[in-house]
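Inspection log for the structure reproduced underneath, given as structure tokens.
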Amino acid sequence: MASPRVDQAFTFPTLTAADLASGSACQPPSRREGVCPLKIRIVSARGLAAQDGSAVSSPVCHCQVPGKTSSSLLTGAASCAVLPVWEFEAELRDYAFGDPLQFEVRDSRHADVGDDGPGFLGRITLPASAFDCGGFDGEVHLESPTSPSTVSVASAPLYRKASFSGGGFGMGAYLKVSVAGADGTFLPSAVPSESFNVAFDGPPLGLDLDTLDEKFARILKVLDDRKVSAHNESAPPSLKVWQNDYICAANDSFGMDIVTTIKGGGTLVLTVRHKAVETVVLNPGGRSLGMDLTYESEKAVTNDILVRKLTRGGCAAMSGKILQGDRIIEIPGCAEGSTAEQLLDSLQKCKDAGRMEMKLVRPRQPVSGGPVDVSQLLRQSKSDDGLIAQPEQPLYKAALVEVFVRCQPFGGADKTASCHRFDSIPLANGLIRNGISCQFINYSHREHTQFIEVSRNFQALVVRCALGQIKADGGDPTKFEAALRTLRQSGVLVWPSPDLVETMGAKDVLVKVASLSIGLEDTLAYHTQAELSAGMRRTVAFQPRVLKANRGTGGECVWIVKLKGSNYGQALGDRTLGLDEVLLVAEACDGREEEQSVTEFLEACHKALTEKGGGGIVDQRFCPRASEGELRYCMVEDELVSIVQRKPKEGGMSAVCGTGSTFTIHDPQEPLFWRVTAKFLTHDLEQILQAVAVSREQLPLLWSADFINSSPAGTALMDERWVLAEFNCACAGLPQCLAARRRPEAPQACFWDIPPADRSEARRLGEYVGSKVLRSLLTLSTP
């Protein structure tokens, strides 16, 4: 397959506000004028809530053209009120070009359409501009009793997938619908999820479960007269829970924690994958099978054998037909109900005869998967909703690496309801649109060796996990970085390079740029306990300071340190703090200020010195106007792609994500910051690169630079001085996707909660990043 020209792989239209408002950028033709039938598909809903807080029963969805009683559709009643699924498709008669569509979800017990009384669960009106230009496919945010909707759809025709939002991202009720285009066909959806969710109000579910493979909970038996069997009586076939199906998540728990969560009680949302059964024939020809097999003899309800591991080069692995985690459930000639020992004996006889036939069961594989077998690794995401199909003949094979922090709410502050990082889907889609397959893999310190083995089969890794997350999950960041270096030495491209993260991402870069116009000349670095004690006791005695561990993310080990009193020296070196003097210390990650003696604070710093990879503490002057906010310059290599104005919550000291801070995204040409921008791009960036000994070609794929205002209050705008606070090279994100992050007020936030305009920009940036990856891979493979 010929490689595309790289300069053609990332050509995107420049859309103006006028284009968005008029829809002139749309390519598909508008629907012909006149009266014609219109195909409608009503798929599912989520987040439904009754106005009076009562239980919802058997919801239905009504679709009509407002004011036309002859032009309407009504679904049947869905059996599940928590996650109703209709999969209803029909033609809407007497539809005229330009007519809007109104969708209304109601409790089937109160079916009076248009009545906002007890049965009303949600409503949305789509203007014709939302679907006349080629159709519509996506989720819409319903106006509901608990969440009023504000709908803006002028730009909807620009997106192959679209959503409309109101009330608050991740909150309220949602409806998934499709409207056919002018040619009568529906838009191609993103890859359908390989799993489905089913909700219960707690145990007993009536399931016998097996977690022998430590990745899924396999359903060995569905007991009669329990909650799951009751669900199966009314659920459509695609949503029934069968014997040999697999539970891949329970709420936000994966692997061995699934059973614990189920037993713990409370509301349960199970993410289930149906089983896939396959018959495999092998002809070993005297070769080793290369299968590590095991079984659980204590369980009387199962008699199958687990493929624990495949040996590289063995007959099973070379066939490509058997995956780690498969269950051998049947061998020809073995009577039904045979024990695992009898199955093993029959397997050996078949091998001796030179032909082996076996029936396997495994969880249905993700249709969003790719060419590399990643079954050795625990999949810690519930779905790949929003991901497009992988290229049939990929130019290269890449993986996007994530980490799920089991001890943190939602798996980490950067996760969506699918348990992916908030910007992972646009970035993966960007690689795919450039002809590169992109699969998701999770890093867990418990699977460190398997991670390296699986990663060797890719040609590129895009790492989307911060070192602090790996440590919080119980892993060793240094060991993880060593693994990335090993992979790079074996020929796998890794973004970002761990060496570059250490060079640019460590806080001591502030010392290297201290003499530049964007630096603070009195910035210091301490690498030993003695240096820290002597230096910090002098600097804090003179003025408030910010002390930062050399390696850290999310405001962790970044302390704002002040004296409890005002006994500051007149000049640096006038005095040295006593060990029993009292400090006011606030850590940036939570902003809480507490009193500590100098001795106590030095102990906390010493812990950071010894535990943080790279060591060292940076001591920088505190700039009081940091509480007004900071500017984050988001970069793709050496190109500025957006500016984020980050402001702490009222009374806060730092704009760290997850602390109630507000974020405003600006274009690179934002006039408010033109002086800072022009100076950074035309002067400062080059000086920074020289100071840290990095060329433009070595810059990270995605990175950001944070600036704070160091000028005294009242300084004229033209005279303000913005200085560097830090670089983020390890895991800089796409700020356009922040609405997809789960948080207490939006626990179900997902990819479709990103506003359409932001999702379009995230797609553009994802494709641009993908083009950079493609260019690097092509360069590497060119002699």
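The values are calculated or read from the model by the stated rules, or taken from the named source; none is laboratory data. Keep in mind that what you see is a predicted model, and the values were worked out from it rather than measured. Here the Cβ positions follow ideal geometry from the backbone for every residue, glycine too, while neighbour counts run over all protein chains shown. With ligands, DNA and RNA removed, areas are computed over all heavy atoms of the protein, side chains included. Shrake-Rupley method; radii C 1.70, N 1.55, O 1.52, S 1.80 Å.
What to note about this one:
- Against the criterion of solvent-accessible heavy-atom surface with a 1.4 angstrom probe, C557, C589 sort, most first, into C589, C557.
- One way to sum up the overall shape of segment 303-428 is the equivalent ellipsoid from its Cα gyration tensor, whose semi-axes run 36, 18, 12 Å, largest first.
- Rounded D (µm²/s) - segment 696-767, Kirkwood Rh over Cα pairs, Stokes-Einstein at 20 °C, 1.002 mPa s: 140 µm²/s
- Expressed as a whole percent, the proportion of Cα-Cα pairs in segment 425-466 lying more than 11 Å apart is 70%.
- Across q = 0.11, 0.23 Å⁻¹, segment 366-468 modelled as identical point scatterers on its alpha-carbon atoms has Debye log10 I(q)/I(0) values of -0.30, -1.34, in the order of the q list.
- For segment 74-134, Kirkwood radius (reciprocal of mean inverse C-alpha pair distance, Å): 13.5 Å
- For the Cα trace of segment 625-779, dividing Rg by the Kirkwood Rh returns an Rg/Rh value of 0.98.
- Segment 322-475 - percent relative contact order, Cα under 8 Å, separation 6 or more: 26 percent
- Furthest towards positive pole of dipole, F663, M635, V723, structure part segment 624-763, Cβ charges: F663
- For segment 174-264, the residue among Q243, G184, A199 whose Cα projects farthest onto the positive side of the dipole built from Cβ charges is G184.
- Filtered GluC sites (Glu not before Pro), segment 313-411: DSSP coil and at most 15 other beta carbons within 10 Å: E336, E392
- Only one residue of A757, I688, P744 has its Cα farthest out toward the positive end of the dipole of segment 634-783, where Lys and Arg carry +1 and Asp and Glu -1 on Cβ, and that residue is P744.
- Using only Cα coordinates, the Kirkwood hydrodynamic radius of segment 475-540 works out to 14.4 Å.
- Segment 226-347: C-alpha pair distances exceeding 22 Å, %: 49 percent
- On the principal axes of its alpha-carbon atoms, segment 513-617 has extents of 34, 32, 26 Å, going from largest to smallest.
- Loop-resident sites, segment 571-650, for trypsin sites (Lys or Arg not before Pro), counting at most 16 other Cβ within 10 Å (DSSP): R575, R592, K649
- Cut-off 10 Å between beta-carbons: net charge of the residues surrounding K564, Lys and Arg +1, Asp and Glu -1: -1
- Segment 307-361: Rg to Rh, with Rh as the Kirkwood radius over Cα pairs: 0.95
- Förster radius 60 Å - calculated FRET efficiency between D352 and E697, Cβ distance, rounded to 0.05: 0.55
- Distance between the pseudo-spin-label points of T662 and T779 (7 Å out from Cα toward the beta carbon): 4.1 nm.
- Cα gyration tensor shape for segment 226-280, rounded if a/c is under 1.5, else prolate or oblate: oblate
- Taking all Cα pairs closer than 8 Å and separated by 6 or more residues, the relative contact order of segment 200-263 comes to 35 percent.
- Estimated Rh, segment 398-543: Kirkwood, alpha-carbon pairs, angstrom: 17.6 Å
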